[in-house]
Every structure is written in C-alpha cells, then in structure tokens.
1. If you check 230, 199, which single one turns out to be more than 16 Å from the ligand (Cβ to nearest atom), closer than 22 Å to residue 72 by Cα and crowded, with 19+ Cβ neighbours inside 10 Å?
2. Could you list, in sequence order, the residues of region 376-396 that are away from the ligand (no atom under 14 Å from the Cβ), at pLDDT 95 or above, surrounded by fewer than 24 Cβ atoms within 10 Å (Cβ to Cβ) and of a type outside the set (Gly, Ala, Ser)?
3. Checking the conditions here, which among 112, 116 is under 18 Å from residue 22 (Cα atoms), within 16 Å of the ligand (Cβ to nearest atom) and either at pLDDT 90 or above or in contact with a Cys (Cβ under 7 Å, 6 or more places away or on another chain) (or both)?
4. Being farther than 24 Å from residue 429 by Cβ and part of a helix (DSSP H, G or I) is the filter; apply it to region 150-176 and report the residue that is nearest to the ligand (Cβ to nearest atom).
5. Given the options 50, 5, 92, 34, name the one that is within 30 Å of residue 369 (Cα to Cα), among the polar types (S, T, N, Q) and at pLDDT 95 or above.
6. What are the pairs, 6+ residues apart or on separate chains, where a residue within region 293-309 that is among the polar types (S, T, N, Q) has its Cβ under 6 Å from a residue that is within 8 Å of the ligand (Cβ to nearest atom) and assigned to a helix (DSSP H, G or I)?
7. Since residue 207 meets every condition but one in (1) surrounded by 20 or more Cβ atoms within 10 Å (Cβ to Cβ); (2) farther than 24 Å from residue 383 by Cβ, which condition does it not meet?
Amino acid sequence: MNYYSLNHKAPNSTFKNAVIKGLAPDKGLYFPESITPLPKTFFDNIDNLSYSEIAFEAIKQFVSPEIPEAILKTIVEETLSFDFPVVKLNDSISTLELFHGPTMAFKDVGARFMARCLGYFNQDNDREVTVLVATSGDTGGAVANGFLGVKGVNVVILYPSGKVSDIQEMQLTTLGQNIKALEVNGTFDDCQDMVKTAFLDESLTNNMQLTSANSINVARWLPQLFYFMFAYKQLHKEHKEIVFSVPSGNFGNVCAGMMAQKLGLPISHFVASNNANNVVTRYLVSELYEPKPSVQTISNAMDVGAPSNFIRIQEIYKNNFSSLKENLSSYSFSDEETKAAMLEIFENYKYVADPHGAVGYLGCKAYLKENANAHCVFLETAHPTKFLDVVEAVIKEEQPLPEQIQSVMGREKESVVISTYDDLKSYLLQ
Ligand SMILES: *Cc1c(COP(=O)(O)O)cnc(C)c1O
C-alpha cells in the first residue's frame, strides 16, 4: 500500500518508508491511498475467526507487499498475545478492556506492532534508527516496552516533568538498554512540538534516521483498528446498534475505529469523550477548529490541546462537516464529573474504572440520553492502578497491583532533564 501526505506537497510513500520516516517531508501525516472494505462474509463469519486471523485480514492491505504474509502472521500473533475482554455494566453500557498488555494501556497494541515492523525493515540495515516520541503518559511506557532490545533501534522518550503518574514514569524511565527518557520542563504539547521540530531539522535528519512512534506513525496508528473488531465479535449477537465511546486525546484511537468502520465493520456511531481539553467537542458545535494550550487533568493521557490525528478524521469524511457530525458526537467532562463517574461505576456495578475510562463512560451516558436503543461500549484505555492516587482517593478502597505494575515498582529512575529544543538537539547529536 502507498500512502500520501495530508499536506499534499510530498511524494507518495511506501508503507516501509512511511514507518521509517514517521512524518512526510512536508510535515503532513501519511494516509493510505485506498481503503478496500472487507467482504461482508468476513463480518458474518467473525465468530469463527481468532483475534489474530481478524487482525491479519484487517491490516493486510495496508502493509503488503512490503511485509510478506508469513511475517505479518507472526507479527500479529506476537502483538496480540493478551486478551481484549468486553465487560457488561448494564443492558446499554459495556466496557472494552484494553489494558491486559505488558504496560496495561491500549498503546501496547500499536507499539508492539510498530516495533516488529520496524525491526523487520531494519534487519539488514546497518544504519540505526532513532525513535523519537513524546508522551502524555502511556505512549512512553508502551513504546519503551515494545522496542526494548530491538536491534538497530534507539528510543528517546520525551515526557512532561511532573505531569505523568508515578507508575507511568517508572514504566518509561527504568528499562535501560536502548531506551532513554528525557524529562521536559513543560507540557505534553511542548514535548510534541519539540519532536515535530526535530523531524524538520535538517542538521539532525542529515545526521541520523529519526522516526516517530506516536500515533502519527501509520504502524502505530492502524493496528488500533483491531480491537473495535474484537469488541464487535463479542457483542454482535446480542446488540444490533453498537456505538463506541473513545476517551480521546490525540484522536488516533477513535480515528482507527473509523478506519475499522471504513473496512465494513457494522457499527453505527462514535463518541469522542474529552476532558477539559475539548477542541473537538467545541468544533462539532461551532464548526470552528480552535486549538488551545492543553490544561492538566486527572485523565492526563488526554491532555492534548491540538490533537494530531484530527486531520486524518477530516480526510476520512472528505472535510464534510455534516457527514462527520452524523457519525461522531463529542462531549467534554470536568475532573469533578469524572471522579463522580468513577464512584458511580464502582457503587452501581462494582467495577473499578480509571479516569480515562470514566470519561468514556460519561460519553456513553450522554449519548444514550438521545439514543436510547444503542449499546454503547466505552474503551477502558488503561488499567486503574496506573492512576492509583486518584482511583484510591475516589473509591476509598485499596487496589491490588497487577504483576505488570509490581514489576516496575522500586526500580531506579534514569532520566535527563531538558527545557528547550536546543537541549534536545544537543542530546541527540552527542
Ligand atoms: C493515549 C491515551 C488516550 C488517548 O488516545 P488518543 O489515541 O491519543 O486519542 C486515552 N486514554 C489513555 C489511557 C491513553 O493512554
């Protein structure tokens, strides 16, 4: 599959080149040249397919022929070596748990898939690739874990100092080997801006091969379409009208869900659930797209003022506001509302949601008010113990730590503090 730049000022690119470069030379995000829906029989027959088989069929067109089918099978199987259960809260609301991977956030899926693609492309290459990634919390850990020990790949993670949870920080600062963490005096948007600047800085790119592992990278973004299909497989017999509420920050996840729908997945609507960082909620009301600096919330992985994937959503809907609005609703919730929702979920359903999932739950409730017949699935994007302070303070009950979390506790943090783009540049060139 070839990809074009959404800035339309760069040549089209192969999948391989798009993965290695991350962003097109004109700064645009890459988008696939075509999307061929899967046959209806695929969805009719989905009960008989394993998760790996579903994922293989769904992603094949986007990565072939550069990744041969036999290799792709292995990549998909290794990526998906954990479960994706749907848990029903009541007749109208379920949650899709995306936190059973090694770092307990949905980003494990994209990070593991991308690491294996890059590892494959890089196997006969003596030029090292540096993966440069900004994280608002979970990307860093997932990327660090996914790329740990991958030959020929160095990983440099930028995170906003003091704005990620303790466990998130440990997950990205304690692995060592080919993983380096830079602690930035600033916000996530500052980290993301530094990364974007680096990609455009020829004095860097002439000296090193830089790529991104944020959802701007197609190999990180596209595999996120898998689990919408897995949820459908678990729910389609019981529920005809399935809606997904996606706690959104950079909008890669919800945009991947829309790609699943483009492939023919019979789902009726998406809800982008936001915290106070609500540029898209406002856009769907006013038709004015006005990014603002991000503000800090308890659902920190969604503290994004200028969501990088929104341009891909615009492309999917051909920049047509009314067709986007038909398929996407968006609501925004305060931290107080989020905490109240965490408590409500715990008291009514004995379920412990993390703050991001709780925002998704609120999105379901808001949507169901107007659309009582739908069955709404909110994505539980991270395990609640990744946000232990908030979760325990709200539900007033101590939470047992899963093994994946225990294994990073108490390890030694290693990070380098930086403040400006020049700091980043001299770090990379040293
Ligand atoms: C990254 C993240 C999100 C936001 O996902 P986007 O694809 O950036 O919209 C939501 N919740 C959690 C826990 C995350 O880590």
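The values are calculated or read from the model by the stated rules, or taken from the named source; none is laboratory data. The shown structure was predicted, so the numbers you read here are calculated from the model rather than taken from an experiment. Neighbour counts run over all protein chains shown; Cβ positions are idealised from the backbone, glycine included.
1. Details: 199 fails: closer than 22 Å to residue 72 by Cα.
Selected residue: 230, the only one of 230, 199 that is more than 16 Å from the ligand (Cβ to nearest atom), closer than 22 Å to residue 72 by Cα and crowded, with 19+ Cβ neighbours inside 10 Å.
2. Scanning region 376-396 gives 392, 394, 395, 396.
3. Among 112, 116, only 112 is under 18 Å from residue 22 (Cα atoms), within 16 Å of the ligand (Cβ to nearest atom) and either at pLDDT 90 or above or in contact with a Cys (Cβ under 7 Å, 6 or more places away or on another chain) (or both).
4. Within region 150-176, the match that is nearest to the ligand (Cβ to nearest atom) is 168.
5. Details: 50 fails: within 30 Å of residue 369 (Cα to Cα); 5 fails: within 30 Å of residue 369 (Cα to Cα); 34 fails: within 30 Å of residue 369 (Cα to Cα).
From the options 50, 5, 92, 34, the qualifying one is 92.
6. 299/356; 309/252; 309/255
7. Residue 207 satisfies every listed condition except (1).
For (1) within 16 Å of the ligand (Cβ to nearest atom); (2) in contact with a strand residue (DSSP E or B) (Cβ under 9 Å, 6 or more places away or on another chain), each residue gets a yes or a no:
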{"position": "291", "(1), (2)": "yes, no"}
{"position": "325", "(1), (2)": "no, no"}
{"position": "352", "(1), (2)": "yes, no"}
{"position": "356", "(1), (2)": "yes, yes"}
{"position": "360", "(1), (2)": "yes, yes"}
{"position": "365", "(1), (2)": "no, yes"}
